[in-house]
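Notes to accompany the following structure.
The values are calculated or read from the model by the stated rules, or taken from the named source; none is laboratory data. None of these values were measured; they are calculated from a predicted model. Quick reminder, even Gly has a Cβ in these numbers, built from the backbone with ideal geometry, and neighbours come from all protein chains shown.
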Amino acid sequence: MTNKPKILPPVYLIISVAVMLALHWNLPLRTLIQEPYNRIGIALLAMGLTITFASAGLFKTRGTPVKPFEPSTVLVTDGFYKISRNPMYLGMLIALIGMAVRLGSLSAFIPVPLFVIWIRRQYIEREEVFLEEIFGQEYRDYKARVRRWL
């Protein structure tokens, strides 16, 4: 695939967290979620990271590359891939939401939709074309059964 992104998605997760923290500390706008309710963010963060790492681990056990746009050798459709075509990205999103909930300020939520838009445009939409080229009807059938996010 030509013109593939050079930066891996976890880097955008880290950048998003850094922006969240900067906005929260420097421009908190308004507190949406107070203590102790914001502690649910810790559980969401842990759940998101668990989904991401478990899904990446499934790729490794199947012997197919985890890095986007490297030639896939297996179409993984079990584990979290039964409920989402993109559980690694979904896990990152849940982790970001968890971080925003933990911080509790309105400004901490600003990077969340931006992350979704960026990941969808730069990775998911392009990966779907890439996977359809590799797996053809098998991938089209999978797309018909399983939603992109949830």
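If only one of ARG148, ARG126 is of a type in the set (D, E, K, R), touching a residue at least 60 places away in the same chain (Cβ under 8 Å) and either touching a helix residue (DSSP H, G or I) at 6+ places or on another chain (Cβ under 9 Å) or outside any helix (DSSP H, G or I) (or both), which one is it? So that I can check it myself, show each step before the final result.
Working: ARG126 fails: either touching a helix residue (DSSP H, G or I) at 6+ places or on another chain (Cβ under 9 Å) or outside any helix (DSSP H, G or I) (or both).
Unique residue meeting the criteria: ARG148.
Of everything in the stretch 72-85 that's part of a loop (DSSP other than H, G, I, E, B) and in contact with a helix residue (DSSP H, G or I) (Cβ under 6 Å, 6 or more places away or on another chain), which residue is farthest from VAL116 (Cα to Cα)? Steps first, please.
Of the stretch 72-85, the ones part of a loop (DSSP other than H, G, I, E, B) are 72-78, 83-85.
Adding the requirement that they be in contact with a helix residue (DSSP H, G or I) (Cβ under 6 Å, 6 or more places away or on another chain) leaves 72, 74-77, 84.
Working: SER72: 23, VAL74: 25, LEU75: 23, VAL76: 22, THR77: 22, SER84: 15 Å.
In this case the residue turns out to be VAL74.
How many residues does the stretch 4-61 hold that are over 24 Å from ASN86 (Cβ atoms) and among the β-branched types (Val, Ile, Thr)? Walk me through it before giving the result.
Going residue by residue through the stretch 4-61, those that are over 24 Å from ASN86 (Cβ atoms) are 21-39.
Filter once more, so that each one left must be among the β-branched types (Val, Ile, Thr): 31, 33.
Residues in the stretch 4-61 being over 24 Å from ASN86 (Cβ atoms) and among the β-branched types (Val, Ile, Thr): 2 in total.
Six or more apart or on different chains, Cβ under 8 Å: which pairs go from a residue in the stretch 47-71 that's touching a residue at least 40 places away in the same chain (Cβ under 8 Å) and assigned to a helix (DSSP H, G or I) to one that's surrounded by 12 or more Cβ atoms within 10 Å (Cβ to Cβ) and polar (S, T, N, Q)? Could you list them?
Pairs that qualify, where the first residue is touching a residue at least 40 places away in the same chain (Cβ under 8 Å) and assigned to a helix (DSSP H, G or I) and the partner is surrounded by 12 or more Cβ atoms within 10 Å (Cβ to Cβ) and polar (S, T, N, Q): there are none.
Can you name every residue in the stretch 103-119 that is surrounded by fewer than 16 Cβ atoms within 10 Å (Cβ to Cβ) and without any contact (Cβ under 8 Å) to a residue 60 or more places away in the chain?
PRO113, ILE117
Per-residue answers, yes or no, for (1) part of a helix (DSSP H, G or I); (2) surrounded by fewer than 13 Cβ atoms within 10 Å (Cβ to Cβ); (3) modelled with pLDDT of 95 or more:
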| site | (1), (2), (3) |
| --- | --- |
| HIS24 | yes, no, yes |
| PRO28 | no, no, no |
| GLN34 | no, yes, yes |
| ASN38 | yes, no, yes |
| ILE42 | yes, no, yes |
